Amino acid sequence: MDKRYDHRKNEAKVYSLWEKSGAFTPKIDKGKKPFTIIMPPPNASDPLHIGHARFVAIQDILVRYHRMRGEPTLWLPGADHAGIETQYVFEKKLAKKGKSRFDYDRETLYKMLWNYSMENKSTMETQLKQLGASCDWSRNKFTLDSDIVKIVYAVFKKLYDDGLLYRGERIVNYCPSCGTSFSQLEVNYVERDDPLYFLDYETVTIATTRPETIFADVAIAVNPKDKRYKDLIGKTAKLPIVGRSLPIIADSLVDPDFGTGALKVTPGHDATDFEIGQKHKLPTVSVVDKEGKMVNTPKKYIGLTSEKARRQVVEDLKRAKKIKEVKTIHHSVGTCYRDKGLIEPLVYKQWFIKVKPLAKTALKAVRERKVKFAAKRFEKIAKHWLRNLKDWNISRQIVWGIRIPAWRCEHCLEWTITNGPSPKKCKSCEHQKLTRDTDTFDTWFSSGQWPYATLLSGKNSKLKTQNSKLPIGVSTTLDFDYFYPTSVMETAYDILPFWVIRMIMLGLYATGEVPFRQVLIHGLVRDNKGEKISKSKGNVIDPIEMAEKYGADALRMALIWGALIENDMALSEENVRGQRNFANKIWNVARFVFSGLPGKRRKRNKDDNWIVKELKTTIRKVTRSLNGYRLNEAAEEIYDFIWHKFADVYIEKTKSRREDSQKTLELVLAQSLKLLHPFMPFVTEKIWQESKDRFDSPNLISANWPK
């Protein structure tokens, strides 16, 4: 063995050994229960970041552990086209060249985005291998694979046929900068201070932070239990500047404690107001368009951005002496999760899913523990969202993604929904001139179907039966029947409402079963000061740079060290360097053991018995910790055993009786390598290969877990 372990020289060779061995691809054995993780597909918009490296470490530890337990273990990899995120990143690159998306037709822009994504996807897959991800590349999937798209279309068609899908004009969260709508979950709410204007509507005073939208006011609403306004209900108020009369109505949605307790009802620009407007059959007026500019107002405001219009309207209200008071309010405002700009609530025709029936079924599955959360606090969050979800807007006004399979008849204006192919005529009037919807699906709609879509397509997708029992009518496959429901869904807590609960809803709807049995949520990676990692702070930790400098093993151990999975963790280069030292320690231990001739069975002395007893205790503790997803405890237990008990104590005591202790040394080393392998796979496999004739398996990755 070399005097020093060189990760640069060995890691790629070791990974190639694993791939050639076929260890990543499980054999379907109906006599055994499988262990399955469907990888949360990284976005095809950028290389891997440190958060990705943490999920790789966590999932690969579990996968390697269960594989060594003899379970048919599938870790299915993939990539997400990532819709608006990818298009947004790509558009920023175009802007640097003085171009924009509007310089290209739809087909050209889509092809450019495809090529860009394929390049990033290839980089990302190479990086997953660098980090040691032992996933089954023969089953690798992409959210835009044609067979995945067919399944997404089938679910869309079934939702429509079941009356759970509609195209409606409702209030949506719109980003004028990105040029698309977002769902309720994709809006980032930030706290800030803004002026709260108290405006004179003659018979009543109202408070608002958005005086520029007064031109879209259609009523004034008060809470029916608010005694202050009991005598005003049924009367009218007068809109400042334009002087239009507004009815004063009563509605329980009005918060009597906000402002004056009287609400200006603007259905075109506020979700609560829209709900009030629908209930009372009020008209909807829009005064801000999709570019964030004013329309349908007095001429002087038309074409101004909403911010400029606000300043102008405030000046005009002051001149008219219609501002009674101005206070400062600390409140939350919706911002775009991509460009951080303000979200504009607009009334827009979109495709919506009626989520209440789906959420009700999902909530029942969580309550009945058909889906278990390893950390109770995340179960509470999931239940909260499932109870409070509103109809899901799944339309996006972007090119990059799965185009919605809906065609509008130019004759009767009805929509025809298909499971993909273009219809030859309108389903309602049989007219033959149809125009396809230009919108694409929300990326969370397609990725929400990831667990079953991946297993119903790709490898082993040869039809098992033509008489599928799946609700969506897609024939089952060998992979689906064996690996679904999957064992664990492991992902970050920031996408729990975006993705996890939607997978549960759509999985139950499309297959009749939960998509996974267990949900394991991990916290974020922060810097060594505990601050969130971001480019703006200059504290970004590049996982590939760390892996190349100190080894993937060192990075992996550092990413699970010192914190439970569900908690945020602090990471520094010093942490990674410390784990590199541990890799060198186990290498030196192995060099010492291999320096002796293969041992013969000898009677053990008290030191031998002690280390064997400590080894068995360590095996029990590590196994228990891994079964309970306490990976940090398992890692720390192994570290303590190898470095202190095995190296510092036992090995020192064997130097005077080397021949008698050799067999015990080999036993303890072999079991230590097995225990450490899920955490530090490269160095342990390389050591194993150095003297594999002494061990019970040609490759450590396929060895049996110690008992």
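Please treat every number below as a calculation from the coordinates, not as lab data. The structure presented is a predicted model; accordingly, all values stated were derived computationally and were not measured. FYI the Cβ positions are ideal-geometry reconstructions off the backbone, even for glycines, and counts take in every protein chain you see.
Here are the numbers:
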item: Percent RCO, i.e. relative contact order, over the range 147-231, from Cα pairs under 8 Å lying at least 6 residues apart; result: 11
item: Cα-projected label distance for Glu545 with Asn584, points at 7 Å along beta-carbon direction, nm; result: 2.2
item: Answer label for percent of Cα pairs over 43 Å apart (calculated), chosen among [x] 49; [y] 38; [z] 66; result: [y]
item: Label-point separation, Arg4 to Asp494 (7 Å along Cα→Cβ), nm; result: 3.7
item: Ranking of Val314, Val333 by count of other Cβ atoms within 10 Å, fewest first; result: Val333, Val314
item: Karplus 3J(HN,Hα) series, Hz, for the range 549-556 with 6.51 cos²θ - 1.76 cosθ + 1.60 (x for Gly, Pro); result: 7, 10, x, 4, 4, 5, 5, 4
item: Theoretical FRET efficiency, 1/(1+(r/R0)^6), r = Cβ-Cβ of Arg69 and Lys340, R0 35 Å, to 0.05; result: 0.15
item: Which of Asp29, Asp693 has the fewest Cβ neighbours within 10 Å, and the rest in rising order; result: Asp693, Asp29
item: Simple spin-label estimate for Lys707 and Lys20 in nanometres, 7 Å along Cα-Cβ; result: 3.3
item: Cα-Cα over 26 Å, subset of Lys230/Lys281; Lys380/Lys674; Lys227/Lys383; Lys30/Lys616; result: Lys380/Lys674; Lys227/Lys383; Lys30/Lys616
item: Cysteines without a disulfide-compatible neighbour (Cβ-Cβ under 4.7 Å), the chain; result: Cys135
item: Over 31 Å (Cα to Cα) - which of Lys264/Lys535; Lys327/Lys376; Lys93/Lys549; Lys349/Lys433 fall in this group; result: Lys264/Lys535; Lys327/Lys376
item: Segment Glu513-Tyr166, extension gain: residue separation times 0.36 nm, minus the distance between their alpha carbons; result: 122.4 nm
item: Distant-in-sequence amide H partners of Leu304 (H built 1.01 Å from N, under 5 Å); result: Met294
item: The chain, relative contact order in percent, only Cα pairs under 8 angstrom and at least six apart counted; result: 16
item: Note, ³J(HN,Hα) from phi for the range 224-234, Karplus 6.51, -1.76, 1.60, rounded to Hz, x at Gly and Pro; result: x, 8, 7, 5, 4, 10, 3, 7, 8, 4, x
item: Computed over the range 547-702: relative contact order in percent, which uses C-alpha pairs under 8 Å that are six or more apart; result: 30
item: Helix-only [θ]222 nm of the chain, DSSP H runs n ≥ 4, -39500 (n - 2.57) each, per residue, nearest 500; result: -12000 deg cm²/dmol
item: Tilt relative to the chain, helix 573-594 - C-alpha long axis, 0 to 90 degrees, to 10; result: 20
item: Low-density loop cleavage sites - trypsin sites (Lys or Arg not before Pro) in the range 333-385, where at most 12 other Cβ are within 10 Å (DSSP); result: Lys340, Arg369
item: Rounded FRET efficiency, nearest 0.05, which uses the C-beta distance separating Asn567 from Asp29 and R0 of 30 Å; result: 0.25
item: Globularity ratio of the range 180-345, using Cα Rg and 2.2 N^0.38 Å; result: 1.01
item: Dipole magnitude of the chain about its Cα centre (Cβ charges: Lys, Arg +1; Asp, Glu -1), debye to nearest 20; result: 1440
item: Neighbour net charge for Pro423 - beta-carbon separation under 14 angstrom, K R +1, D E -1; result: +3
item: Long-range amide H partners of Lys372 with built H, under 5 Å; result: Gln518, Val519
item: Cβ-based exposure ranking for Thr73, Thr617, Thr205, Thr476, in which fewest neighbours within 10 Å come first; result: Thr617, Thr205, Thr476, Thr73
item: Cut-off under 5 Å, modelled amide H: who pairs with Lys324 long-range; result: Phe198, Leu199, Asp200
item: Helix axis angle, 50-68 relative to the chain longest principal axis, alpha carbon, degrees; result: 50
item: Under the Karplus curve 6.51 cos²θ - 1.76 cosθ + 1.60, θ = phi - 60°, whole-Hz ³J(HN,Hα) for the range 558-570, x wherever Gly or Pro sits; result: 5, 7, 10, 7, x, 8, 4, 3, 6, 9, 5, 10, 9
